[in-house]
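Encoded as structure tokens, the structure appears first; notes follow it.
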């Protein structure tokens, strides 16, 4: 017998009798259209999630949605989430809830938001996620030490399941320095079923492949920030699209002002000017350093990602807070 939820919601008559394969395509199109409509209505939307691990607890740290953004999500997605199991499956490719200890659930847009994969995120996904296996753990030189009992284990697995089905990830550029560990990270990324874009951040000093798993930034670094794109894959090859110092610094200043307008923190005018100039100059310096010391290594790793249709975008990090 059908469940109560399925009894309450009937398919509209135009869909009655359609084969399951066609219905799946209809619901997939509806969910993708909802995501496209959200991006069209909120062109300046950007939310970057960092992850704080205090095992067995995982905390997702990102800025709060504005009222307009939250209303759009409810209008566009909640009908799909509540219609039936099939529509919920496709809607959850784009929007999902994460539940954390002693905190209200958080709404994440998995197909639009960016998720920072550093340190413990890579360790956990390689060690314990469903997309990993023994060969990947051996390559990375890590073991599965994340065995938690009962509800704690279920919650931990749910968080890893969310991270395994995101579309946009942020990685440090040191992930492309050749090593067995970095190759394991590449294989992990290639196994993520819904991954579309990798944002390669070089806005901080380079780290060796043996220590990028130990990166731990302050939780507020990405809360209110924007990425400035230097280049991406176009026509099957990587192309730099923002490689002029004057143009970059102008764009950085505009984006910095955009972040400042939506920030709730208080800064003096002198402090703001000092930060704008310092962060802008540092970002350009790191970009130039990356071009001369790491770009060739990065380009040599792109083949598998291009073959799978995954875009790799090199970015600088524009933010208000000290790293």
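Go through the residues of region 116-129 one by one and say whether even a single one is touching a strand residue (DSSP E or B) at 6+ places or on another chain (Cβ under 9 Å), in a strand (DSSP E or B), touching a residue at least 12 places away in the same chain (Cβ under 8 Å) and within 29 Å of residue 224 (Cβ to Cβ). It would help to see each step written out before you state the result.
Initially, region 116-129 is screened for residues touching a strand residue (DSSP E or B) at 6+ places or on another chain (Cβ under 9 Å), giving 116-124.
Filter again for in a strand (DSSP E or B), leaving 116.
Now restrict to residues that are touching a residue at least 12 places away in the same chain (Cβ under 8 Å): 116.
Cutting the leftovers down to within 29 Å of residue 224 (Cβ to Cβ) gives us 116.
Yes, the conditions are met somewhere in region 116-129.
Among the residues of region 275-288, how many are closer than 21 Å to residue 237 by Cα and either in a strand (DSSP E or B) or touching a residue at least 24 places away in the same chain (Cβ under 8 Å) (or both)? If you could, list the steps in order and put the result at the bottom.
Taking region 275-288 as the starting set, the residues that turn out to be closer than 21 Å to residue 237 by Cα are 287-288.
Restricting the remaining residues to those that are either in a strand (DSSP E or B) or touching a residue at least 24 places away in the same chain (Cβ under 8 Å) (or both) gives 287.
Total satisfying the criteria: 1.
Looking at 166, 162, 200 in this structure, which one is at pLDDT 85 or above, in contact with a helix residue (DSSP H, G or I) (Cβ under 9 Å, 6 or more places away or on another chain) and either in a helix (DSSP H, G or I) or crowded, with 21+ Cβ neighbours inside 10 Å (or both)?
Details: 166 fails: in contact with a helix residue (DSSP H, G or I) (Cβ under 9 Å, 6 or more places away or on another chain); 162 fails: in contact with a helix residue (DSSP H, G or I) (Cβ under 9 Å, 6 or more places away or on another chain).
Going through 166, 162, 200 in turn, just one is at pLDDT 85 or above, in contact with a helix residue (DSSP H, G or I) (Cβ under 9 Å, 6 or more places away or on another chain) and either in a helix (DSSP H, G or I) or crowded, with 21+ Cβ neighbours inside 10 Å (or both): 200.
Being modelled with pLDDT of 70 or more, surrounded by fewer than 16 Cβ atoms within 10 Å (Cβ to Cβ) and part of a helix (DSSP H, G or I) is true for just one of 181, 190. Which residue is that? Reasoning before the result, please.
On the way: 181 fails: surrounded by fewer than 16 Cβ atoms within 10 Å (Cβ to Cβ).
Exactly one of 181, 190 is modelled with pLDDT of 70 or more, surrounded by fewer than 16 Cβ atoms within 10 Å (Cβ to Cβ) and part of a helix (DSSP H, G or I), namely 190.
Quick one: which residue in 270, 213 is modelled with pLDDT under 85, part of a helix (DSSP H, G or I) and crowded, with 16+ Cβ neighbours inside 10 Å? Even if it seems obvious, please write down each step before you answer.
Numbers: 270 fails: crowded, with 16+ Cβ neighbours inside 10 Å.
Among 270, 213, only 213 is modelled with pLDDT under 85, part of a helix (DSSP H, G or I) and crowded, with 16+ Cβ neighbours inside 10 Å.
Which one of these does residue 49 not meet: (1) at pLDDT 80 or above; (2) surrounded by 11 or more Cβ atoms within 10 Å (Cβ to Cβ); (3) part of a helix (DSSP H, G or I)?
Among (1) at pLDDT 80 or above; (2) surrounded by 11 or more Cβ atoms within 10 Å (Cβ to Cβ); (3) part of a helix (DSSP H, G or I), the lone unmet condition for residue 49 is (3).
Output yes when any residue across region 32-43 is surrounded by fewer than 15 Cβ atoms within 10 Å (Cβ to Cβ), within 30 Å of residue 152 (Cα to Cα) and in contact with a helix residue (DSSP H, G or I) (Cβ under 8 Å, 6 or more places away or on another chain), and no when none is. Step through it out loud before you land on a result.
Start the filter on region 32-43 by keeping residues that are surrounded by fewer than 15 Cβ atoms within 10 Å (Cβ to Cβ), which leaves 32-33, 36-37, 39-41, 43.
This time we only want the ones that are within 30 Å of residue 152 (Cα to Cα), so: none.
No, region 32-43 has no match at all.
With the condition kept exactly as written, say whether any residue in region 139-159 is in contact with a strand residue (DSSP E or B) (Cβ under 7 Å, 6 or more places away or on another chain), part of a strand (DSSP E or B), crowded, with 18+ Cβ neighbours inside 10 Å and touching a residue at least 60 places away in the same chain (Cβ under 8 Å).
no
Within region 62-88, how many residues turn out to be surrounded by 15 or more Cβ atoms within 10 Å (Cβ to Cβ), out of contact with any helix residue (DSSP H, G or I) (no Cβ under 6 Å at 6 or more places or on another chain) and assigned to a helix (DSSP H, G or I)?
Narrowing region 62-88 to residues surrounded by 15 or more Cβ atoms within 10 Å (Cβ to Cβ): 62-63, 65, 69, 72-73, 76-77, 80-81, 83-84, 86-88.
From what is left, the residues that are out of contact with any helix residue (DSSP H, G or I) (no Cβ under 6 Å at 6 or more places or on another chain) are 62-63, 65, 69, 73, 83.
Filter once more, keeping what is assigned to a helix (DSSP H, G or I): 69, 73, 83.
The qualifying residues number 3.
Report, by residue number, each residue of region 216-245 that is at pLDDT 65 or above, part of a loop (DSSP other than H, G, I, E, B) and more than 17 Å from the chain's Cα centre (by Cα).
Across region 216-245, the qualifying residues are 235, 236, 241, 242, 243, 244.
Among the residues of region 292-309, count how many are in contact (Cβ under 8 Å) with a residue 24 or more places away in the chain and within 14 Å of residue 202 (Cβ to Cβ).
Selection size over region 292-309: 5.
The values are calculated or read from the model by the stated rules, or taken from the named source; none is laboratory data. Remember, predicted model here, so these are calculated numbers, not experimental data. Backbone-built Cβ (ideal geometry, glycine too); neighbour counts: all protein chains shown.
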